[in-house]
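Engineer: Take a look at the following structure, please.
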Amino acid sequence: MIPAMFEYHRPADVKSAVSLLQEHGDEARVLAGGHSLIPMMKLRMAAVEHLVDIQDIEELRESKVSGDTVHIGAMVTQHELINNASLAKAAPLIREASLQIADPQVRYVGTIGGNVANGDPANDMPGLMQCLDATYALSGPSGERTVKAREFYESAFMTACEDDEILTSIAFPATTAGFAYEKQKRKIGDYATAAAAVLITMGGKTCTAASIAMTNLSDTPVWSEAAGAALVGTNCGDADIAAAVAAALNDTDPTEDSRGPVEFKRHVAGVIVRRAIERALSRA
Amino acid sequence: MSKMHLKLKVNGEEKELLAEPRELLIHVLRERLDITGPHIGCETSHCGACTLEMNGKSVKSCTVFAAQANGAEITTIEGLAEPGTMNVLQNAFREHHGLQCGFCTPGMITRAHRLLQEIPNPTEEEVRHGMAGNLCRCTGYQNIVKSILAAASEMNAAKEAAE
Amino acid sequence: MNDLTPTSEERSAKLKGLGHSRKRVEDARFTQGKGNYVDDIKLPGMLFGDFVRSPYAHARVKSINVEAALALPGVIAVLTAKDLEPLNLHWMPTLAGDKQMVLADGKVLFQGQEVAFVIAEDRYINADAIDLVEVEYEELPVITDPFKAMEPDAVVLREDLAGQTTGAHGERRHHNHIFLWESGDKEATEDVINSADVVAEEMVYYHRTHPCPLETCGSVASMDKVNGKLTVWGTFQAPHVVRTVASLLSGIEEHNIRIVSPDIGGGFGNKVGVYPGYVCSIVASIVTGKPVKWVEDRMDNLMATAFARDYWMKGKISATKDGKITGLQCHVTADHGAFDACADPTKFPAGFMNICTGSYDIPVAYLGVDGVYTNKAPGGVAYRCSFRVTEAAYFIERMIEVLAIELGMDAAELRAKNFIRKDQFPYQSALGWEYDSGDYHTAWTKALNAVGYKDLRKEQSERVAAFNRGETRSLLGIGLCHFTEIVGAGPVKNCDILGMGMFDSCEIRIHPTGSAIARLGTISQGQGHATTFAQILASEIGLPADSITIEEGDTDTAPYGLGTYGSRSTPVAGAAAAMAGRKIRAKAQMIAAYLLEVHDNDVEWDIDRFAVKGAPEKFKTMAEIAYASYNQAVPGVEPGLEAVSYYDPPNMTYPFGAYVCVMEIDVDTGVHEIRQFYALDDCGTRINPMIIEGQVHGGLTEALAIAMGQEIAYDEIGNVKTGTLMDFFIPTAWETPHYTTDFTETPSPHHPIGAKGVGESPNVGGVPAFSNAVHDAFRAFGLRHAHMPHDQWRIWKIANDLGMHG
Amino acid sequence: MELNDEITIPAPMEKVYASLNDPEILQECIPGCEELIKHSDTELEAKVVLKVGPVKARFNGNVTLDTEGAPNRFSLVGAGNGGVAGFAKGGADVELVDQGDSTLLKYTAKAEVGGKIAQLGSRLMTSTAKKLSAMFFAKFAEIVGETETT
């Protein structure tokens, strides 16, 4: 498995990276951790004439918690997300999910930016970001703009990010809500058969906020507004959870693949969403 | 397509060569620098036979372009101990029969080496999770896990003795 | 005066002979990254070759345009079938008596088939050139189902065989039929089954999978035009056979061909056959006069090299009301893919499938196997098992479980009731085998006691009750398996590969200072031959194992042997080593007697020396004898101390084992968890317990993979759906359970040291144990049988079909 | 893989039917279509670049139209070769329902892919095919509708 030739660029700042993208149009592609892109290039399924490696752009590696907002640079790796104590405290959901992504070696190089920008519905981070109601910062020729994670994904590999834009950072509100990332997969390193991210806030015995998102159950990540709404205002009893699960499933549209047929995926999705809700509740 | 000037520090030695940006790090090491310890098993970053250490991280070198590695510090199995000697981990793999055909072994030991840097006193579960990026077709992992746990104890004992 | 210290125990221990968990001598180089695998070989001026492969599973090749590829700087040549035809190398014989295209000749018959061979200065140029070869295909209808292949109007797959009603193994009754192979008494079996109290019937499918060693296949061929000598390094589990085939194919005299198997990164059967890559690298080297390397990538390996299994086994088993088995019938539809390239002894086109009566005393049985062509990759190798033994073991162990359901009996009890008894050995099976030795009841009882079988059953019924009350969604499965292997192929009278009898060999040379080198016809792929063969010899010739070098895999130096697969190294080459050692000892006895100035018959062997009978203080150690053999003129005895043995085993060996797998199953997600796995193996005399245990762990993990998810799956148009390690399941340390190993020791009566071989037992026995655990979990809910692999969705489907999802 | 959908096109049926046979319009509507050459009334040759995320494959293929059911029915079959990426083949049956000023277009499309693209991309095939056909018909509706209003 040998990739085709390409021109390699390693810009030192976002501006130069953007101008490279602008110059080469859809023949250029940003390289972050590379563990989705490089195998596809080696298989010669991805044709990239200009590879823009953003590893030297220091600003993309920064992450900080300021006030109520968590900022994570696009080049922060999953390994760092797991081992950064302040991030783990501000967003334990991300740590829990990161531990379930790929394998140790891949987590050393796999970045949060690559994971969310790739647009692969099987990636774990997009659903998480939708659950957290994250905002992505995109830099392009005309400056920076932001897009909500919940509005970013159009279909498999098609996102709101233009060919000449780079996703530079992610921001979301720090939360003390009960959390869970539940994922069923065939083995370490596999994509999810079904996965769910859940955040639940309880005010006394009543649910005051709930956010539920799912991975690999449609051609985009699925944030189910209805599922969250089914819990808010209730005491999250069995019937309420059942209603939330049903609402969540209603928003999915899984396809058959080697992980199993649609019927199975739907069923598992229901189980996984329920488990995630129950675990998040136990931590709320 | 033009070749680029590549500078690497491999097992403590500075190396310079011309390479196409697309060359994979595993090929640069194996075919240009004759460092054949890391192997190619799956080519899609699933098996870990090509694992080495790059800038303090365990990395699957079949999924790294030479260009990306430019300027990096790399340690392979060949750099874990003085040539002709075996370090604690290497010895533990031998002692506890942690290898059979030997093909996954360099990646396995290189990965375990980093794991023990980060978690010096791991549980069996931590070892199994920490080694889950490396496939072995021969051993069923039981003796690999045993080897790593034994190496950890030995290293910890040596550390305590030194303190 | 000789000192009698050290004691015999100390002297024995120093040898590190049989029974010693000697550390492996291979490990120093492997742990330091100094293994020498085929892709590590680098020769001056070496070129690189690789294939243009077909994306179609069945198509006519209308044209191949290589111009653009040849125009790329660094491309040396592109070979197609047309180039090979004048050399008569466009097709090659298979191990199963069929022939196979080396490069597509007119059409392609499976996805990934080799169409053209591009030779370039390096891999990168090669890959670029492959993209530039333009092949025009005309798509043909695809058959991936062996039953559809046998329909009257099915498309003809092998046009080259048109009109041939006889194949290598008898009559072909359809244009996509390869052979029907039968064993046993068909009528008598039908009579027994038709009149039986109880009959259980089931279709048991053992899905297609692949050995997938971590190292893919490859070769480096180097034709030295000056000396006329061809050297080929490659991933060969049987280097001598490759040399013979290479000579027959190329016309180069066999002495001018040197085949070398360097370190092999796992084989498991995948590296037994001869692949187009080997042939093309050789041709390319002859054509270019330069060394040519071919190393396939993982997708190539999974798509195009030897698969395993793919047996549809329709069975009937009959018994009396109280559970005594009276007869067994099995008909197999065997999907062999596009070419019959099974690696089996010539007379056994379905391998040793007729060991399918298993560990049971079954009075009458019949087996019929239909081999069928489809648009899938050729192969049919034994993946960590002796030829088709794992299919046989899976079949019988599933049939026993189904029969137990039919009888309403406990499956452990049903087994015990029907085991061949210890006093029946040597046992003649209804399908023609003579089982050498066994004590199944002892092993079985030991296994059941070890896991607390009765308590497990009690826990299981409590779990079922709790499930029915809605208190749990998790089931408990107890997977039982008692298997009997048949390994050590085999006696030359009935076992050969391409006409070569399946003996093996060992040649020993003792050096003057008391160390030695032994060369064998086998080749290790991780089994630790360099360690264990030295142990056999240490016990036989009294020199420390540490002083004995073992060398294999170089046909210029090693004696002819049939290679390593089918657990034959220990039973055959191990026996050859022991016999060669005995020849050394016989000569050493004469030398010792001369040195001690007594008659030959007045000295006796004592661990590492010959001593005068009745005077143990008068002795000559083996080291002393070795020295003397080179510097003393012993009357009537040639100088030197060397021996060679070619061992033709009188029978196969029959290792066996008792396995229990305890599994938890989540009925809602199909996720399983193995709580306990107990493996008792009886491989006769144990050479190195540490290595045996390692072999068992590894074999069980491959069994786990196969039973729980690993498959080569095709879609309807013949696309391989499992071409990377994302989809082809290989468990990591995380998914692999902890195993408990145990043993009994029933030596083989006919093997010089009583050893039987163990490398494959855990795969043979493991698959039914894992699969039976899944089935057993659902037995109380009405499951009879469900096909493997038991991946999550298929387990979920069992529960769903049983109405367990509400 | 089979896809079914329908779309209302703001143009009369004859116009819609004619446009389905117009290589220029088709080329504009087929996502990634670089070239569409008409060899006869029913034989076309196409060059299409399929681009989905990082995947980019160039297919060269032939399309055969079946116009026997005109003007209510229209079907096509095609096969394309994508080189190392593999191959694709498929077809679509289109039914037109006259709704006066507008036309209801119902289609059933089938597609099969082979080679690497099938091995590696199968989990994304359906959604991609859906997306691409939706893009085709959206563009088609836009162009055919536009030309009618001008």
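The values are calculated or read from the model by the stated rules, or taken from the named source; none is laboratory data. On a predicted model such as this, the values are computed, not experimentally measured, just so you know. All Cβ positions, even for glycine, are placed from backbone atoms using ideal geometry, and neighbour counts span all protein chains on display.
Engineer: Which residue pairs have Cβ atoms closer than 8 Å, lie 6 or more positions apart in sequence or on different chains, and pair a first residue in the range C:701-727 that is at the interface with chain B (Cβ under 10 Å from one of its Cβ atoms) and touching a residue at least 24 places away in the same chain (Cβ under 8 Å) with a second residue that is of a type in the set (Gly, Ala, Ser) and not in a loop (DSSP other than H, G, I, E, B)?
Structural biologist: Listed by first residue and then by second, the contacts come to C:702/C:766; C:703/C:765; C:703/C:766; C:703/C:769; C:704/C:766.
Engineer: Only residues that are within 23 Å of residue C:90 (Cα to Cα) and modelled with pLDDT of 95 or more: list them for the range C:143-163, please.
Structural biologist: Kept after step one, since they are within 23 Å of residue C:90 (Cα to Cα), are these residues of the range C:143-163: C:156-163.
Within the range C:143-163, C:156, C:157, C:158, C:159, C:160, C:161 meet the criteria.
Engineer: Okay, next question. Is it the case that the range D:87-109 has a residue that's out of contact with any Lys or Arg (no Cβ under 8 Å at 6 or more places or on another chain), buried (at least 19 other Cβ atoms within 10 Å of the Cβ) and within 30 Å of residue C:52 (Cβ to Cβ)?
Structural biologist: Yes - at least one qualifying residue is present in the range D:87-109.
Engineer: Quick test for you: out of A:157, A:172, pick the one residue that is within 14 Å of chain D (Cβ to nearest Cβ) and touching an Asp or Glu at 6+ places or on another chain (Cβ under 7 Å). Can you show your working first?
Structural biologist: Numbers: A:172 fails: within 14 Å of chain D (Cβ to nearest Cβ).
On inspection, the qualifying residue turns out to be A:157.
Engineer: If you check residue D:116 against the conditions, is it within 14 Å of chain C (Cβ to nearest Cβ), modelled with pLDDT under 90 and more than 16 Å from residue D:46 (Cβ to Cβ)? Outline the logic, then answer.
Structural biologist: Numbers: within 14 Å of chain C (Cβ to nearest Cβ): yes; modelled with pLDDT under 90: yes; more than 16 Å from residue D:46 (Cβ to Cβ): yes.
Criteria met by residue D:116.
Engineer: Considering C:220, C:245, which residue is more than 14 Å from chain B (Cβ to nearest Cβ) and among the hydrophobic types (A, V, I, L, M, F, W, C)? Walk me through how you get there before you give the answer.
Structural biologist: Numbers: C:220 fails: more than 14 Å from chain B (Cβ to nearest Cβ).
Sole residue among the options that is more than 14 Å from chain B (Cβ to nearest Cβ) and among the hydrophobic types (A, V, I, L, M, F, W, C): C:245.
Engineer: Here's a follow-up. Show the residue pairs meeting these rules: Cβ distance below 6 Å; 6+ apart or different chains; first residue within the range C:147-175 and closer than 20 Å to residue C:346 by Cα; second residue part of a loop (DSSP other than H, G, I, E, B) and among the small types (Gly, Ala, Ser).
Structural biologist: C:168/C:97
Engineer: Additional query: Inside the range C:274-291, can you point out the residues that are more than 27 Å from residue C:702 (Cβ to Cβ) and either within 21 Å of the chain's Cα centre (by Cα) or assigned to a helix (DSSP H, G or I) (or both)?
Structural biologist: Step one: list which residues in the range C:274-291 are more than 27 Å from residue C:702 (Cβ to Cβ), which gives C:279-291.
Once the filter is applied, which keeps residues that are more than 27 Å from residue C:702 (Cβ to Cβ) and either within 21 Å of the chain's Cα centre (by Cα) or assigned to a helix (DSSP H, G or I) (or both), the range C:274-291 yields C:279, C:280, C:281, C:282, C:283, C:284, C:285, C:286, C:287, C:288.
Engineer: From the list C:163, C:170, pick out the single residue that is surrounded by fewer than 17 Cβ atoms within 10 Å (Cβ to Cβ) and over 30 Å from the mean Cα position of the chain (by Cα). Outline the logic, then answer.
Structural biologist: Details: C:170 fails: over 30 Å from the mean Cα position of the chain (by Cα).
On inspection, the qualifying residue turns out to be C:163.
Engineer: Let me ask something else about it. Condition check: surrounded by fewer than 21 Cβ atoms within 10 Å (Cβ to Cβ) and within 17 Å of residue D:85 (Cβ to Cβ). Does residue A:23 satisfy that?
Structural biologist: Considered against the rule, which asks whether it is surrounded by fewer than 21 Cβ atoms within 10 Å (Cβ to Cβ) and within 17 Å of residue D:85 (Cβ to Cβ), residue A:23 comes out as no.
Engineer: Something else now. Can you tell me which of D:92, D:85, D:70 is within 22 Å of residue C:136 (Cβ to Cβ) and without any contact (Cβ under 8 Å) to a residue 60 or more places away in the chain? Lay out the reasoning, then the answer.
Structural biologist: Working: D:92 fails: within 22 Å of residue C:136 (Cβ to Cβ); D:70 fails: within 22 Å of residue C:136 (Cβ to Cβ).
After ruling out the rest, the residue left standing is D:85.
Engineer: To continue, here is another question. Would you check if residue C:774 is under 16 Å from residue C:659 (Cα atoms) and away from chain B (no Cβ under 14 Å)?
Structural biologist: On the way: under 16 Å from residue C:659 (Cα atoms): yes; away from chain B (no Cβ under 14 Å): yes.
In short, yes.
Engineer: Just name the residue that is farthest from the chain's Cα centre (by Cα) out of those in the range A:186-211 that are under 30 Å from residue C:725 (Cα atoms) and part of a strand (DSSP E or B). Break it down stepwise before answering.
Structural biologist: Going through the range A:186-211, the residues under 30 Å from residue C:725 (Cα atoms) turn out to be A:186-197.
Those left that are additionally part of a strand (DSSP E or B): A:192-197.
Working: A:192: 12, A:193: 15, A:194: 14, A:195: 11, A:196: 11, A:197: 10 Å.
The selected residue is A:193.
Engineer: Now, a different point. Just name the residue that is surrounded by the fewest Cβ atoms within 10 Å (Cβ to Cβ) out of those in the range C:540-576 that are more than 26 Å from residue C:654 (Cβ to Cβ) and hydroxyl-bearing (Ser, Thr, Tyr). Even if it seems obvious, please write down each step before you answer.
Structural biologist: Initial filter on the range C:540-576 (more than 26 Å from residue C:654 (Cβ to Cβ)): C:541-551, C:553-560.
Narrowing further to those that are hydroxyl-bearing (Ser, Thr, Tyr): C:547, C:549, C:555, C:557, C:560.
Details: C:547: 20, C:549: 15, C:555: 26, C:557: 13, C:560: 16.
Top of the filtered list is C:557.
Engineer: So which of A:232, A:262 ends up being within 13 Å of chain C (Cβ to nearest Cβ), among the β-branched types (Val, Ile, Thr) and out of contact with any helix residue (DSSP H, G or I) (no Cβ under 8 Å at 6 or more places or on another chain)? Outline the logic, then answer.
Structural biologist: On the way: A:232 fails: within 13 Å of chain C (Cβ to nearest Cβ).
Going through A:232, A:262 in turn, just one is within 13 Å of chain C (Cβ to nearest Cβ), among the β-branched types (Val, Ile, Thr) and out of contact with any helix residue (DSSP H, G or I) (no Cβ under 8 Å at 6 or more places or on another chain): A:262.
Engineer: Going by the conditions given, is residue A:181 closer than 21 Å to residue A:232 by Cα, crowded, with 24+ Cβ neighbours inside 10 Å, within 14 Å of the chain's Cα centre (by Cα) and touching a residue at least 60 places away in the same chain (Cβ under 8 Å)? It would help to see each step written out before you state the result.
Structural biologist: Numbers: closer than 21 Å to residue A:232 by Cα: yes; crowded, with 24+ Cβ neighbours inside 10 Å: yes; within 14 Å of the chain's Cα centre (by Cα): yes; touching a residue at least 60 places away in the same chain (Cβ under 8 Å): yes.
It is true that residue A:181 is closer than 21 Å to residue A:232 by Cα, crowded, with 24+ Cβ neighbours inside 10 Å, within 14 Å of the chain's Cα centre (by Cα) and touching a residue at least 60 places away in the same chain (Cβ under 8 Å).
Engineer: Which of the strands (runs of 3 or more DSSP E) found entirely inside the range C:208-273 contain at least 2 residues meeting this: in contact (Cβ under 8 Å) with a residue 24 or more places away in the chain, more than 26 Å from the chain's Cα centre (by Cα) and more than 25 Å from residue C:695 (Cβ to Cβ)?
Structural biologist: Details: elements: C:218-224, C:229-234, C:257-260.
Answer list for the range C:208-273: C:218-224, C:229-234.
Engineer: Condition first: within 20 Å of residue C:390 (Cα to Cα) and within 12 Å of chain B (Cβ to nearest Cβ). Now tell me which residues in the range C:674-700 satisfy that.
Structural biologist: Restricting attention to the range C:674-700, the residues satisfying the condition of being within 20 Å of residue C:390 (Cα to Cα) are C:677-684, C:692-700.
Selection gives C:677, C:679, C:692, C:693, C:694, C:695, C:696, C:697, C:698, C:699, C:700.
Engineer: Among A:156, A:97, A:117, A:137, which is in contact with a strand residue (DSSP E or B) (Cβ under 8 Å, 6 or more places away or on another chain) and at pLDDT below 95?
Structural biologist: Details: A:97 fails: at pLDDT below 95; A:117 fails: at pLDDT below 95; A:137 fails: at pLDDT below 95.
Testing whether each residue is in contact with a strand residue (DSSP E or B) (Cβ under 8 Å, 6 or more places away or on another chain) and at pLDDT below 95 leaves just A:156.
Engineer: Would you pick out the residues in the range C:19-46 that are surrounded by 23 or more Cβ atoms within 10 Å (Cβ to Cβ) and among the aliphatic types (A, V, I, L, M)?
Structural biologist: C:38
Engineer: Looking at the range A:1-29 only, could you name the residues that are within 30 Å of residue C:300 (Cα to Cα), touching a residue at least 24 places away in the same chain (Cβ under 8 Å) and more than 14 Å from chain C (Cβ to nearest Cβ)?
Structural biologist: Step one: list which residues in the range A:1-29 are within 30 Å of residue C:300 (Cα to Cα), which gives A:1-8, A:27-29.
After this cut, where a residue has to be touching a residue at least 24 places away in the same chain (Cβ under 8 Å) as well, the list is A:1-4, A:6-8, A:28.
Listed by number, the residues that qualify are A:7, A:8, A:28.
Engineer: Looking at C:313, C:303, can you tell me which residue is touching a strand residue (DSSP E or B) at 6+ places or on another chain (Cβ under 6 Å), within 14 Å of chain B (Cβ to nearest Cβ), more than 10 Å from residue C:217 (Cα to Cα) and buried (at least 24 other Cβ atoms within 10 Å of the Cβ)? Full working, then the answer.
Structural biologist: Values: C:313 fails: within 14 Å of chain B (Cβ to nearest Cβ).
Every option except C:303 fails the conditions.
Engineer: Follow-up. Given (1) within 12 Å of chain C (Cβ to nearest Cβ); (2) more than 14 Å from the chain's Cα centre (by Cα); (3) closer than 21 Å to residue B:90 by Cα, where does residue B:32 come up short, assuming only one miss?
Structural biologist: With (1) within 12 Å of chain C (Cβ to nearest Cβ); (2) more than 14 Å from the chain's Cα centre (by Cα); (3) closer than 21 Å to residue B:90 by Cα applied to residue B:32, the lone miss is (3).
Engineer: Does any residue of the range D:42-56 turn out to be closer than 21 Å to residue C:724 by Cβ and modelled with pLDDT of 90 or more?
Structural biologist: As a first pass, look at the range D:42-56 and keep what is closer than 21 Å to residue C:724 by Cβ: D:50, D:52-56.
Okay, now just the ones that are also modelled with pLDDT of 90 or more, so none.
No: the range D:42-56 contains no residue that is closer than 21 Å to residue C:724 by Cβ and modelled with pLDDT of 90 or more.
Engineer: Within the range C:50-67, does at least one residue satisfy the condition of being closer than 21 Å to residue C:300 by Cβ and within 14 Å of chain B (Cβ to nearest Cβ)?
Structural biologist: Yes: one or more hits.
Listed here are the residues, each with its yes/no results for (1) modelled with pLDDT of 95 or more; (2) touching a strand residue (DSSP E or B) at 6+ places or on another chain (Cβ under 8 Å); (3) not aromatic (Phe, Trp, Tyr).
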| position | (1), (2), (3) |
| --- | --- |
| C:710 | yes, yes, yes |
| C:726 | no, no, yes |
| C:737 | yes, yes, yes |
| C:743 | yes, yes, no |
| C:748 | yes, yes, yes |
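Engineer: Go through (1) part of a loop (DSSP other than H, G, I, E, B); (2) touching a Lys or Arg at 6+ places or on another chain (Cβ under 7 Å); (3) more than 30 Å from residue C:421 (Cα to Cα) one by one and return the number of the condition residue C:309 breaks.
Structural biologist: (1)
Engineer: Sticking with this structure for a sec: Could you check, for the range C:193-208, whether at least one of its residues is crowded, with 19+ Cβ neighbours inside 10 Å, more than 30 Å from residue C:406 (Cβ to Cβ) and in contact with a Lys or Arg (Cβ under 8 Å, 6 or more places away or on another chain)?
Structural biologist: No; the residues of the range C:193-208 include none that is crowded, with 19+ Cβ neighbours inside 10 Å, more than 30 Å from residue C:406 (Cβ to Cβ) and in contact with a Lys or Arg (Cβ under 8 Å, 6 or more places away or on another chain).
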